[in-house]
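**Q** This is the structure I have questions about; it appears just below.
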Amino acid sequence: MSRRAGPTPASVVQGFSRIGKGPKSLLNAAPTTLTRTSHQQQHSDLPSQLKPRPRSPQPLLQPAHFDASQRILRELLLLSDDPFEVSSTLSLTIANACIIGRICRSSRRSISKRTEAMVQPKARLIRSLKSTPSQCRHAHNRSGPHSASIAHLLDKGPEDASKVVVNGFIRSIRNQKQVSFVSVGDGTTAKSLQAVLRPEQAQSLTTGTAARFTGAWTPSPNTKAQSHELVVDNVDIFGAADPVTFPLQKKWHTPEYLRTMPHLRGRTQANSTLLRLRSDAIAAVTGMFHENGFTQTHTPIITSSDCEGAGEVFHVGSAHKGAITKDDDGTFFRAPKYLTVSSQLHLEALAQAVGNVWTLSPTFRAEKSDTARHLSEFYMLEAELNFTEDMDDVMKVVQDTFRSVTDSLESGSRVATELLGSGTPPGGSASREKELSRRWRGGSQEFHRITYTDAIKLLRSSSHQFEHEPKWGTGLQAEHERYIATTLGSTDDSVVPVFVTHYPKAIKPFYMLPSSTNEDGRETVDCFDLLVPEACEIAGGSMREYRLEPLIRSMQANKMIPPGPMPSDEELGDLKWYVDLRRWGSAPHGGFGLGFDRLLGYLGLVPNIREVVTFPRWVGRCDC
């Protein structure tokens, strides 16, 4: 929004009209005196006792100033290839000078400073004219004192150590007789900044208070704890926190307790570190996909189909209730709609448009699974590769995605350093640092592979007692996946993920491509799951059935459409658009989905996925 400077004197408009006619008319123009609007005219409607004292008109630009502008313009015309650009630039400069003169009520001083700048050497003059509009914008949009993040201060120090401004939340206060020590955090790092205050400055401060500290960056007497500290000159309190009711105190809180306040637990050092881990991981995978020519896309959240076919979907509804007809069930969308369980079907359509695609979007499952690995809302990273006939191509992208995150952690990023040095919570394992390193190193190695058939043989030959008997033709349970991942991928040095491939067709969705060769004479599909210890399955993918007739037969076998010849559009229902992708120019393709929250929990050594997601939703819980 532009700033209104009040009415412009007619003489100013007259002067600008000359300038707009071109540089020659400006050179030949007679000097024009620009005057302010009279104060008496501005306040003519006020009572006589409130009217300001009459003043004589004060010129904004004296003839001498206009003469100086003419001389400068002649010099500019000799330097510029475009005389009309010079003319318009100079007119804008004069206009800004008039506006600033009115705002500051000191026109002579403002214009004299502007004129002094204009009669400087030629190069400086050109820079001044070109920067005038941006200077005026900055003058109207001044912000408060610039503050440095605590992460930046601890790493690189301030530009000016004599005046440092820090914004943050108070984590703890330690008062002594002559000095007070305040631990300040701003979320950019798990570390705290130590601020040194006088006791009277710290009187109103409590844990949780949001404040601004201004002072000097001074070497700390105790360099082991922190190389520097902030000796505070001034404290500004933005938001106080009642120490009696504030729920986050200087002590270790259990995850279960913090789950009761998801809106506040992000302020804790552990949870803020997980937020930064998520941010770094998104940056890493985004860079990897970009370098490999993938196009990032956004797929819909509300869909008309259940991609997985398991029926575990959330129905979308509204208060709208309309008349029920043959083509309208009276609801908002006139037919049942759901929250998406996967972006795969839409990615297949987008892959035909722009080639290899990927997305990172929320996914919803109405599973009543109250476990450490399940949520009702979570983020899924999904990708689709077009014109690929080999499942190895898809599995390579999965491995590259995994590796992009572990490489960023192994490179010694801030988040990695904080995860390694975060210590061991009460009841935790003392080998936390070693376990993290094992998982990160495993991401940079070639992933192990085993077929489903061989995995069943491995499980049945084991002496381990499973709660669920492993049998060919049934899905792998979490205990089976955990055993396979630990047995095949875990060593003292690293934990390498394991691909399990070629599952039975009967237990997989309709869209998977049948394998060209069967396992022991049994029908399988070209698909895979990626397994790791604890988290178990974190990714799954397949080649897609890209041929029209086999896809129709698969849908019929899964009782999604009635048997018989080619079904009608009405029989295909909400999946007609998906079948249409096979009618016109379909090509071999495949893709995968990776549980992003599970990946972060695994690499961050977080045993429960509810701590990885800031606002977790699971059966019976949706707090805020």
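**Q** Summing +1 for each Lys or Arg and -1 for each Asp or Glu, what net charge is found among the other residues whose Cβ lies under 12 Å from the Cβ of S183?
**A** Details: positive: R171, R174, K191, K250; negative: D186, E229.
Here the count lands on +2.
**Q** Right, next: Would any residue of the range 238-279 have its amide N under 19 Å from a label point 7 Å out along Cα→Cβ of E433? List them or say none.
**A** 270
**Q** Next up: Find the centroid of the Cα atoms in the range 527-559 and in the range 568-624, then give the distance between the two in whole Å.
**A** Cα centres, the range 527-559 to the range 568-624: 13 Å.
**Q** Pull up all non-local amide H partners of S172: gap of 5 or more, or a different chain, and H-to-H distance under 5 Å with H placed in the peptide plane.
**A** Residues meeting the amide H criterion: S183.
**Q** On average, how much accessible surface per residue is there in the range 300-379, in Å², for a 1.4 Å probe, leaving out ligands, DNA and RNA? Before the final figure, lay out each step's value.
**A** Values: 4190 Å² over 80 residues.
I get 52 Å² per residue for the range 300-379.
**Q** Per residue, how many Å² of accessible area does the range 173-271 show with a 1.4 Å probe? Walk me through the numbers on the way to the answer.
**A** Numbers: 5450 Å² over 99 residues.
Ligands and nucleic acids excluded, the figure is 55 Å² per residue.
**Q** Moving on to the next point. Mind listing the phi-derived Karplus ³J(HN,Hα) values for the range 375-391, rounded to whole Hz, using 6.51, -1.76 and 1.60 with θ = phi - 60°, and x for any glycine or proline?
**A** Going residue by residue, I get 9, 8, 9, 8, 9, 10, 8, 10, 9, 9, 10, 9, 6, 10, 10, 10, 5 Hz, with x marking Gly and Pro.
**Q** How long are the semi-axes of the equivalent ellipsoid of the range 169-288, defined as square roots of 5 times the Cα gyration tensor eigenvalues? Whole Å, largest first.
**A** Semi-axes from the Cα gyration tensor: 28, 20, 13 Å.
**Q** Could I ask something else about it? Pop the C-beta distance of H315 and A210 into the FRET formula with R0 = 51 Å and round what comes out to the nearest 0.05.
**A** So the FRET efficiency works out to roughly 0.80.
**Q** Length gain on complete extension for the stretch I507 to E367, per 0.36 nm per residue less the alpha carbon to alpha carbon distance?
**A** Between I507 and E367, full extension yields 48.6 nm more.
**Q** Here's a follow-up. For the pairs K337/K508; K368/K471; K396/K559; K457/K576; K191/K396, note any where the Cα-Cα span goes beyond 31 Å.
**A** Over 31 Å Cα-Cα: K396/K559; K457/K576; K191/K396.
**Q** Using the Karplus equation 6.51 cos²θ - 1.76 cosθ + 1.60 (θ = phi - 60°), what ³J(HN,Hα) coupling, rounded to whole Hz, does each residue of the range 582-590 give in order, writing x for Gly and Pro?
**A** 8, 6, 10, x, 6, 10, x, 7, x
**Q** Given R₀ = 51 Å, FRET efficiency for R553-S149 by Cβ-Cβ distance, to 0.05?
**A** Calculated transfer efficiency: 0.30.
**Q** Here's a follow-up. Give me the net charge for the shell around D580: Cβ to Cβ below 13 angstrom, other residues only, Lys and Arg +1, Asp and Glu -1.
**A** Counting the neighbours of D580, the net charge comes to 0.
**Q** Please compute the net charge surrounding I538, taking Lys and Arg as +1 and Asp and Glu as -1 over other residues with Cβ under 11 Å from its Cβ.
**A** My count for the surroundings of I538 gives -3.
**Q** Once you place label points 7 Å from the Cα toward the Cβ at S461 and V179, how far apart are they in nm?
**A** 6.8
**Q** If you don't mind, there's one more thing I want to ask. Given a 1.4 Å probe and every protein chain left where it sits, what share in percent of the accessible area of the range 201-339 is carbon and sulfur?
**A** On the way: 4490 of 8120 Å².
Percent of accessible area from carbon and sulfur atoms in the range 201-339: 55.
The values are calculated or read from the model by the stated rules, or taken from the named source; none is laboratory data. Computed from a prediction, not measured in an experiment: that's the story for all the values here. So basically every Cβ, Gly included, is an ideal-geometry build from the backbone, and we count neighbours across all protein chains shown. Just so you know, the surface numbers come from the protein's heavy atoms only, side chains and all, with ligands and any DNA or RNA stripped out. Shrake-Rupley method; radii C 1.70, N 1.55, O 1.52, S 1.80 Å.
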